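Engineer: Below: one structure in structure tokens.
The values are calculated or read from the model by the stated rules, or taken from the named source; none is laboratory data. Remember, predicted model here, so these are calculated numbers, not experimental data. Positions of Cβ are backbone-derived with ideal geometry, glycine not excepted, and every protein chain shown enters the neighbour counts.
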Amino acid sequence: MPATEDTPAPFSSPTAPSRYCRRCLYELHGLPQPRCPECGRAFDPDNPASVYTSKRQHTSDKLKRVLLYMLGLWIPEFFCAVLAYETVGEVCSKMLILLMVAGNIVVALSLLARVPLLSWALLLFLVLLIVPRQLYLAARLVMLQSEAERLVAYVQEYKRGSGSYPPDLSGYRFHFEINRKHVQRYVVTPTGEFGLFWYIGTPGTSHRYVSDQGWGYYPD
Ligand SMILES: [Zn+2]
């Protein structure tokens, strides 16, 4: 039953168990209304989950949230920022890691300063900036790697059949047609080797297969 001024609710009794506001930790005792006088947050006197029963509960609740936040956001963000090395190169990857660390420090500071709107806006910005594009590029990385393996197998098979490498890749049928525009070069050298180059996110960061060196990536 809701509390009124005429019928004091149990939470207003001085012998009632400790209760603290979930928003500002004000001690909720002897109140005529189920509402925190400090911050205005309403609570349900019949629902223990609408208040904290101890300050320690508040601390453990906060720790749980931080842990969930770390697992839910920092790990995917960090994983995607590191993955960016393979898709868009070392400089972009380092920039994303730096942005992620700096951005999350600002998020933590704005949480401490109790500016939730800024914290959430920044959190959302960081996640959207780092995660979706890198996940998309990761899918493309897997697709292109498997296409490259088929291309290399095609070139080697061609040589086994005809005694020389194919002059171009026109005889190869792409498994995923979208991969064609990401294959940058196929070259046969006068020394009898061949090289295949393709990119994921930016043309300046090529993955490659060179017959006498094996698989490689641009900075190596
Ligand atoms: Zn409060």
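Engineer: Show the residue pairs meeting these rules: Cβ distance below 8 Å; 6+ apart or different chains; first residue within the range 129-153 and in contact (Cβ under 8 Å) with a residue 24 or more places away in the chain and crowded, with 16+ Cβ neighbours inside 10 Å; second residue assigned to a helix (DSSP H, G or I) and β-branched (Val, Ile, Thr).
Structural biologist: Gln134/Thr87; Leu137/Thr87; Leu137/Val88; Ala138/Thr87; Arg140/Thr87; Leu141/Thr87; Met143/Ile178
Engineer: Moving to a separate point now. Kindly indicate the residue of the range 25-41 that is of a type in the set (A, V, I, L, M, F, W, C) and surrounded by 13 or more Cβ atoms within 10 Å (Cβ to Cβ) and also farthest from the chain's Cα centre (by Cα) among those meeting that condition.
Structural biologist: Result: Leu31.
Engineer: Further, regarding this structure: Which residues, counting only those in the range 170-207, are aliphatic (A, V, I, L, M), buried (at least 16 other Cβ atoms within 10 Å of the Cβ) and under 24 Å from Met143 (Cβ atoms)?
Structural biologist: The answer is Val183, Leu196, Ile200.
Engineer: Scan the range 148-178 for residues that are at pLDDT 95 or above and either under 29 Å from the mean Cα position of the chain (by Cα) or not assigned by TED's automatic domain parsing to the domain that holds Trp198 (or both) and report the count.
Structural biologist: 2
Engineer: Taking the conditions exactly as written (touching a strand residue (DSSP E or B) at 6+ places or on another chain (Cβ under 9 Å), loosely packed, with under 12 Cβ neighbours inside 10 Å and of a type in the set (A, V, I, L, M)), does Ala49 satisfy them or not?
Structural biologist: Against the criterion (touching a strand residue (DSSP E or B) at 6+ places or on another chain (Cβ under 9 Å), loosely packed, with under 12 Cβ neighbours inside 10 Å and of a type in the set (A, V, I, L, M)), Ala49 does not qualify.
Engineer: All but one of (1) within 20 Å of Thr87 (Cα to Cα); (2) outside any helix (DSSP H, G or I); (3) of a type in the set (Phe, Trp, Tyr) hold for Phe174, so report the exception by its number.
Structural biologist: (1)
Here is a yes/no grid of residues against (1) assigned to a helix (DSSP H, G or I); (2) modelled with pLDDT under 95; (3) out of contact with any Ser or Thr (no Cβ under 6 Å at 6 or more places or on another chain):
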| site | (1), (2), (3) |
| --- | --- |
| Cys80 | yes, no, yes |
| Met95 | yes, no, yes |
| Met100 | yes, yes, yes |
| Val106 | yes, yes, yes |
| Leu111 | yes, yes, no |
| Leu122 | yes, yes, yes |
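Engineer: From the set of residues in the range 25-42 that are in contact with a Ser or Thr (Cβ under 8 Å, 6 or more places away or on another chain) and part of a loop (DSSP other than H, G, I, E, B), which is farthest from Lys55 (Cα to Cα)?
Structural biologist: Restricting to residues being in contact with a Ser or Thr (Cβ under 8 Å, 6 or more places away or on another chain) and part of a loop (DSSP other than H, G, I, E, B), the top hit is Pro32.
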